[in-house]
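The values are calculated or read from the model by the stated rules, or taken from the named source; none is laboratory data. These figures come from a predicted structure and were not determined experimentally. Using ideal geometry, Cβ is built from the backbone for each residue, glycine included, and neighbour counts are taken over all protein chains shown. Note: accessible area is taken over every heavy atom of the protein model, side chains too, but ligands, DNA and RNA are not part of it. Shrake-Rupley method; radii C 1.70, N 1.55, O 1.52, S 1.80 Å.
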Amino acid sequence: MLVRTCIILIALSLGACSFTQKIRSGADAFAVKQYAIAAQMLRDEYDLSERLEDRATRAFMIGQSYEYMRQPEMAAPWYHKAYEHRFGSAALERYAETLRQSEHYPGAIEAYQELMATGTDAQRYRGLITLCNQAIQWKKDQVRSPYQIQVAEFNSPGADYAPYVLSPELLLFTSDRNNSTGNTTYNWTGRDFSDLYTVNTSTGLVQTFDHVVNTAANEGTITFTSDRTEMYFTRCYADREFDSYCKLMMCRLRGASWSEAEVLPFVQEGINYGHPVITGHDSLLIFSCNDPKGAGGFDLYYSQRTANGWDIPVMLSERINTLGNERFPSMNKDTLYFSSDHHPGLGGYDIFKTYVDAQGQWSPPFNMKPPINSGWDDFGFVVDTFTAHTSGVLEQGYFSSSRNAKSGDDIFSYKKVIPPPLPDSDIVKPKEPAPVKYQVYLAIRTMEPVFATQGDPNSTRTGKKELPATAILIGDGPMMHREKTDENGMLVLELEWDKSYEIQARRAGYLNQSRAMNTSDIVKDPANPVFTYNMEIVLEPIFENTEVVLQDIYYDYDEWFIRDDAEPALESLAKMLRENPQLRIQLSSHTDCRGEDAYNQDLSQKRAQSAVDFLIAQGVAIQRLVPVGYGESRLAIDCPCTTCSEDQHQKNRRTTFKILPRE
């Protein structure tokens, strides 16, 4: 997918849409994401460079510029130049990946083998070699695929993508063709900004869509309710000189015209949204966004329609969302189609499908394989439910692909047909099928929370960020193998089937975290023999001598025993202490301002001791626990007692713990 618009960007801090700073060098253009300009300027600077180090750096940045513009064939030779100029293994890895994305699989395998020889991340490169070999086999097998594809005649020299079937002969799509609204150039790609268009699939007549939608900003990826009275789409525009974000918009049909577009209420600033689809009898809105609290990159979310509008979005299953990017959802009956650059595939974005099984869980995503998928970016798959099928055609529809690299993204039509029978000459005695080689990988990402107030663990958590260089201990017994996450907090390990594993994450200044997994729980799918299990581990920073409020610890009036609803929070605290045997904590109880001082002091001490007794019963040594009752001497909210609200009293009646300094 040529990342043509702010709608489908890989790096989404955009800018460049309206940036006016003077560009003095290729590095300046690259810094503000004007990659079309950067590539040309850096090529000129590369030719004039005399120092090998400068040539290596500029060659690598040229490769990055083409890769960010989703032109892997242009990027690959520049990454190779950078590697030859001794830029390092990062250039060789990008060279291998861009070869894979442009379907030069043998060359990619050679590059991955060279990377394996360095001894770093050998398991991950072995897995990528497996994917390359799998892609080669899939390409050979496509002669028996039930899918027949054809590039649409209405494509332009620019980028055309994200089709939406509006009626039997009317298709909506997104394009940056030359007559798009606005007079400026989008310097990310050097082309116009994107608009929505319609095409009559019988006559080929292309027209711009409604002016309420198309503006001087980037618009695209549209969806409608079943009665066509509401439409939802994406708009990316800059409110400031540099930053630009993509938002979900909605218009209502008022008579014969559409209302002005408005932003959906759950959309947050600083997060990019896109690719809406309405489903579930117009009661469900599925979309993608790069919320930092998600699994990683872009994830798929859904929002349910309520009497008061659209509810707070919820992330779809971890079976769907990965550490990479999941985008462009579409629905046909009970099947969800989407694109991912992380689920095992041919390179770039591949189209996958999944459905809700009998247990109410999403099934493992199935790769649509060639000819639907390619090494390039394939996305925006939609089923045409309007057009009548001809004889032998089971299904038809459209999808987008950047496989025709010289013309950018294109829209393809497809037909799913009944495969023809094999000719008699090709029928041979069945051979014993070769055993399927299954591989399972664990992709770990270590993160840490981001607090609204830095250094205050009781403040709101606003998101997560990568935690690099974190030690990972993994094993299935007393002997644990030690690894370390990279500068992005990532680590990929190959595991064995039918084994239980314990995974521990450790980093100085943070609380240890343990997770468990059993590869025997993973279903072996012959169609997708390479399975990647994604695991995110969030490590909590250690705040010594800082009180941390334990949520949901309540006591009955004038009582100090631990209620059933308080046990989960204390069990989590016990687990943390077992995973961090070096820690000692003070567990404190506080009362509100009502009652006598001496009474409150005694009651709070009994409550603190009850919590300590609970932890001892969970296997925590008594020497590591210090119970302290503060009564009403340390109010969190010091309001006049007679005027305190019940909520303020509740915040004062808190149970806390703090990590004590080492003795």
Quick one: in segment 472-504, of everything that is open to solvent by 60 Å² or more (accessible area, probe 1.4 Å) and not in a loop (DSSP other than H, G, I, E, B), which residue is nearest to residue 444 (Cα to Cα)?
484
Which of the following residues is of a type in the set (Ser, Thr, Tyr), part of a strand (DSSP E or B) and open to solvent by 60 Å² or more (accessible area, probe 1.4 Å): 337, 302?
302
Let me spell it out: the conditions are (1) assigned to a loop (DSSP other than H, G, I, E, B); (2) within 30 Å of residue 507 (Cβ to Cβ); (3) modelled with pLDDT under 85, and residue 636 meets all of them except one. Which number is the exception?
(2)
Which listed residue, of 343, 281, 275, is at positive phi and in contact with a strand residue (DSSP E or B) (Cβ under 9 Å, 6 or more places away or on another chain):
275
Given the residues 492, 523, which is the only one that is modelled with pLDDT under 90 and under 22 Å from the mean Cα position of the chain (by Cα)?
492
Only one of (1) assigned to a helix (DSSP H, G or I); (2) surrounded by 23 or more Cβ atoms within 10 Å (Cβ to Cβ) is not met by residue 70, so which one is it?
(1)
Out of curiosity, is residue 509 at pLDDT 85 or above and not hydroxyl-bearing (Ser, Thr, Tyr)?
yes
For residue 86, are the conditions met, namely being within 30 Å of residue 245 (Cβ to Cβ) and not in a helix (DSSP H, G or I)?
no
